[in-house]
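Peer 1: Have a look at this one.
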Amino acid sequence: MHFEFGSIPVQIPQFKIRNSKFIFHLLGAGSFPLCGAYHAPYSSFMPASSVTIIYASTSGHTEYVVERLVALLQERAPQISVRVLRAESAGPEDLTSADVLVLGSGTWHMFGQEGQLNERMHRLLFDRCTGVDLSRTPVALISLGDDRYHFTARCTEHFMRFLKDHGGKTFLLPLIIVNEPYGQEERIVKWGEKFMEKMV
Ligand SMILES: Cc1cc2nc3c(=O)[nH]c(=O)nc-3n(C[C@H](O)[C@H](O)[C@H](O)COP(=O)(O)O)c2cc1C
């Protein structure tokens with residue numbers, strides 16, 4: 001067990017990605033766009049002994065969500081190894097080193113535009129990981145945003161674009177946290193439970 005917050009053993013004896021082809025709708029008020037993504041089916045069970053969570057967080061919101069998720073996994077699934085890395089410390093090999101990858105980021109202003117990934121996540125994915133093949137690594141996404149911004153939680157689209165370009169597929173709907181995560185712990189738990197369900 002090896003990660004920045006401490007050792008996190010999580011029990012996930014098998015990993016099953018259910019056949020799925022679905023269009024997800026990113027929730028959001030007002031101008032938030034619908035985002036469609038097809039997910040090619042994973043047809044077999046895969047033993048999952050490890051999860052890598054890579055996140056970027058500037059004001060600590062995404063970090064808080066990741067910490068809540070890790071605490072849940074530690075409590076409910078204590079046999080699998082969970083490794084947590086900040087995006088600025090991660091490299092291409094970290095995206096595929098575990099059985100399952102979780103990416104987390106808030107939505108930020110970058111290059112003169114709102115609705116972008118946190119710059120540290122952007123640099124990791126679009127500068128340092130240009131050659132990554134994610135076709136064998138199921139992915140889950142955590143996106144944060146704020147409804148005071150026009151492109152609320154739009155970072156999800158950039159994640160999906162990266163996955164599409166690298167053969168990656170998500171195995172459940174993204175966890176989208178709009179506004180401060182404090183007080184939204186129940187949503188994190190419910191998503192975490194679905195995350196674990198997919199692995200049994
Ligand atoms: C300068 C700045 C730009 C932001 N731009 C957006 C945006 O375009 N869309 C959005 O949904 N949220 C935006 N946010 C809100 C953040 O995504 C939100 O606060 C998030 O929880 C931050 O997560 P973090 O602390 O983990 O980085 C912005 C916040 C700041 C301070």
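Peer 1: Work out from phi, with θ = phi - 60° and the Karplus expression 6.51 cos²θ - 1.76 cosθ + 1.60, the ³J(HN,Hα) of each residue of the range 186-192, listed in order in whole Hz, and give x for Gly and Pro.
Peer 2: Once rounded to whole Hz, the list reads 5, 5, 5, 5, 4, 5, x.
Peer 1: Moving on. Considering only C-alpha atoms, what is the centroid distance from the range 136-168 to the range 85-106, in Å?
Peer 2: Each part reduced to its Cα centre gives a spacing of 14 Å.
Peer 1: Any number yet on Rg/Rh for the range 52-120, C-alpha, Kirkwood?
Peer 2: 1.02
Peer 1: Under 5 Å between amide hydrogens, which residues at least 5 positions from residue 48 or on another chain qualify, with H placed 1.01 Å from N in the peptide plane?
Peer 2: Under 5 Å from the amide H of residue 48: 14, 15.
Peer 1: What is the pair-distance distribution P(r) of the range 115-200, computed from all Cα-Cα distances in 10 Å bins starting at 0, with each bin given as a whole percent?
Peer 2: 16, 43, 35, 7
Peer 1: Right, another one. Give me the extension gain from residue 161 to residue 147: residue separation times 0.36 nm, minus the current Cα-Cα distance, reported in nm with one decimal.
Peer 2: Between residue 161 and residue 147, full extension yields 2.8 nm more.
All of the numbers you see were taken from the coordinates with simple rules; none came from a lab. Not measured: the values here are computed from a predicted model.
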